[in-house]
Structure formats: C-alpha cells, structure tokens
Amino acid sequence: MGKIGLTTTVPVEVIYAAGETPIDLNNIFITASDAMKRVEDAELAGFPRNVCGWIKGLYSSALLDPEIRRIIAVTQGDCSNTHALMETWEVEGIDIIPFAFPYDGDPDMLRLQMDKLITALGTTWEGVKEQKRRLDQVRALAWEIDQLTWEENRVRGFENHLYQVSCSDFNGDPERFAREMEEFIQEARQRESLAERNLSQGRKKLREVRLGFIGVPPIFPEIYDFIEEHGARVVFNEVQRQFSMPFSTEDIVEQYRRYTYPYQVFQRIEDIRYEAERRQLDGIIHYTQSFCYRQIEDLIIRKKLDYPILTLEGENPTGLDARSKMRVESFLSMLKE
C-alpha cells in the first residue's frame, strides 16, 4: 500500500478502493512543528512571496516525504495556483493525477471525473461503493462530534475543527481514526456544558457568544483558543464540516455533488444560512487566505448573509498577529453589547 498525496478533499473512497493510503498534505503541513520553515523553503526554491502560504507549505511537505510519489491535484474547484504547483512537483519527479470538480456541479461531468480517477488508480465502481459504506460509518462519528459541539455544548471549537478536517483522509487509517473519535465522544459526553463552565459561582448568568467560522480552514488554528479566552465559542466550522460529507445519500456521485466547497459560492451560502439559524449564531468570522481568489467572494457573502461578519485574513503559520487579535476582540465586544 503506497501513499498518495492530496491537495484538498477528493473522492477518497477511490483511493481506499485501490488499496492506497491518502495523505492530505494540508494536514501534514499545518500540524508540522516547522510549518513556517516549509513556507520559507518553498520561497528559497523560487516561489514568489505573494503566493498563498498553503501552496508553499504543500510544496515542501510533499517533497519531505519520500514515500509520496503520486499526488491527486484538484485542478478545478479549489485553488487557482494548483496548476503551477502541479508542474513544480512534476519537475521533482512526482506523478500527478488531476481531478476536477465541475463548476456547476453537473452530475454527469462529476461521474466522468470519478470514472477517470477510478481508471487511473486501477480499481472499480463496486470497490468504491464498498468503501463508501465503510467510510460513512466513520463519518457518522464526526457528525456526532459536531452535534455535541453545537447542540449539547460539550465540544470546543478547535476539537470540532480537528475531527471534521481530518475526514479529508481519515488520517490514513479509517478504523484507527474511528476508535479515536469513539474515545473522544465517550470523554466529551462526561463533560459539563461548556456554555456553563465559564461562569463563576455567584455571578449572573451570561449567554455565551456563538460564532460560525466560514471559509477555508485557518492557517493559525490558535484562533479557537483566543476566541474562547474572550467568552465566545465556534459552534460551526463551515468547510471543515463539509469535509465530513454531512448528508446521507447512497449515491456517491450525489455525495460529492452536495459537497459545497468546490462549487459556486451561492451553494455554500445556502448551507451557511441554514446552519447559522439552526445553531443560533450571533456572528460569523469569515477567514480568507492572503493572495487567494476566494477573498473576492467576501463581498457576495456580506450581501447575502444577514449576520454580523468579521473578515479575517491570514498569510503564514506564525500564529495570530496583534492586529487580528484586536479585531477579534472588538468584534466580540460588539456582539456582547
């Protein structure tokens, strides 16, 4: 069984059906102790400064693992810089397998892309469907963690982020990942409600500020702890939740068609609006990555969502900077008032 790198979420069932191990390079990069060095190494190799930090981190992370000799790169529906990133990897001798999510979510085009991926990896539709049944059982645990976050208030924002985002590759071992989630769920169910925990005895009960976090996962995960230190909590991680495919359908093509991230922003906005009402959000933080084309979508999101929105930009994995901290503090103060 060999490792296949991923630039973002793809139909991971195909990889497991082929007997290979998917490795989400985003997760490898952002959890590395030397994440910033990986960005710098890419710049030393020739990447421009004004290129997304994630792209540079992915480039270096793939080269650091000699077992990754193939990468599935999403050419449509993710990052506009992926094309050039693919070519830099090819120069280094890594085989690239392209995959494209159709812009309009056309099911026939999506099926064709999945069919090409199945052929490229030498597996079958029957094997893929079998893996879907296997992985959906694991995903159901991630859905339970999400429910424990927003409905029962027993899971912190970063914990929610971590388990949901890990559904892109199931940490390379779905059964082990499932056991980890089962143990976490058992521990979380024993907790007191987080909405009550931060209240000192004898103090007047104050309502917790409930936030949604939309946009790509942040390059500084420390933001979750900072938010909680200031009396608020993230109870909705938009894109991370989508990685867990939070919808029940037996049709795998339909599953990846309903996955909102690669398609038009309007499909994402419908999902955000529904979840914001269901989870009783007080405000939304829209994270945007520096030099990313998705920053443009912020103006559409602001026009279409009737919620207080703080747009927060990140560039490199160097932690939450002072200006961002001040802006988050001001936003939370405004929501509390």
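Data overview
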{"quantity": "Cβ pairs under 6 Å, 6+ apart, first in region 91-116 and among the β-branched types (Val, Ile, Thr), second part of a helix (DSSP H, G or I)", "calculated": "96/86; 96/90; 97/120"}
{"quantity": "Residue satisfying all of: in region 139-164; touching a Phe, Trp or Tyr at 6+ places or on another chain (Cβ under 6 Å) and hydrophobic (A, V, I, L, M, F, W, C); surrounded by the most Cβ atoms within 10 Å (Cβ to Cβ) among these", "calculated": "142"}
{"quantity": "Residue 270 being open to solvent by less than 20 Å² (accessible area, probe 1.4 Å) and of a type in the set (D, E, K, R)", "calculated": "no"}
{"quantity": "Condition check for residue 196: surrounded by 14 or more Cβ atoms within 10 Å (Cβ to Cβ), acidic (Asp, Glu) and either assigned to a loop (DSSP other than H, G, I, E, B) or modelled with pLDDT under 95 (or both)", "calculated": "no"}
{"quantity": "Long-range neighbours under 6 Å by Cβ, at least six apart or interchain, first residue without any contact (Cβ under 8 Å) to a residue 60 or more places away in the chain and closer than 22 Å to residue 139 by Cα within region 255-280, second open to solvent by less than 30 Å² (accessible area, probe 1.4 Å) and part of a loop (DSSP other than H, G, I, E, B)", "calculated": "258/247; 268/260; 271/260"}
{"quantity": "Residue list for region 36-64, filter: in contact with a Gly (Cβ under 6 Å, 6 or more places away or on another chain) and hydrophobic (A, V, I, L, M, F, W, C)", "calculated": "39, 62"}
{"quantity": "Residue among 136, 108 that alone is closer than 30 Å to residue 193 by Cα, at pLDDT 95 or above, of a type in the set (D, E, K, R) and part of a helix (DSSP H, G or I)", "calculated": "136"}
{"quantity": "Which listed residue, of 175, 238, 222, is over 21 Å from residue 325 (Cα atoms) and open to solvent by 50 Å² or more (accessible area, probe 1.4 Å)", "calculated": "175"}
{"quantity": "Test set (1) under 28 Å from residue 220 (Cβ atoms); (2) in contact with a Pro (Cβ under 9 Å, 6 or more places away or on another chain) - residue 128 fails condition number", "calculated": "(1)"}
{"quantity": "Unmet criterion (only one of (1) in contact with a strand residue (DSSP E or B) (Cβ under 6 Å, 6 or more places away or on another chain); (2) open to solvent by less than 10 Å² (accessible area, probe 1.4 Å)) for residue 210", "calculated": "(2)"}
{"quantity": "Listing of helices (runs of 4 or more DSSP H) fully contained in region 252-305 that carry 1 or more residues being at pLDDT 95 or above and under 28 Å from residue 129 (Cβ atoms)", "calculated": "252-258, 265-278"}
{"quantity": "Tally of residues being over 10 Å from residue 283 (Cα atoms) and either of a type in the set (D, E, K, R) or open to solvent by 60 Å² or more (accessible area, probe 1.4 Å) (or both) across region 301-318", "calculated": "6"}
{"quantity": "Condition check for residue 46: more than 16 Å from residue 98 (Cα to Cα), open to solvent by 30 Å² or more (accessible area, probe 1.4 Å) and at pLDDT 95 or above", "calculated": "yes"}
{"quantity": "Some residue of region 109-120 being open to solvent by less than 20 Å² (accessible area, probe 1.4 Å) and among the hydroxyl-bearing types (Ser, Thr, Tyr)", "calculated": "no"}
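One line per residue, one yes/no per condition, for (1) of a type in the set (A, V, I, L, M); (2) at negative phi; (3) assigned to a loop (DSSP other than H, G, I, E, B):
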| position | (1), (2), (3) |
| --- | --- |
| 9 | no, yes, yes |
| 15 | yes, yes, no |
| 32 | yes, yes, yes |
| 50 | no, yes, yes |
| 57 | no, yes, no |
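The values are calculated or read from the model by the stated rules, or taken from the named source; none is laboratory data. This is a predicted model, so every value here is computed, not measured. Every residue, glycine as well, gets a Cβ built from its backbone with ideal geometry; the counts of neighbours run over all protein chains shown. Surface areas here come from the heavy atoms of the whole protein model, side chains and all, with no ligands, DNA or RNA. Shrake-Rupley method; radii C 1.70, N 1.55, O 1.52, S 1.80 Å.
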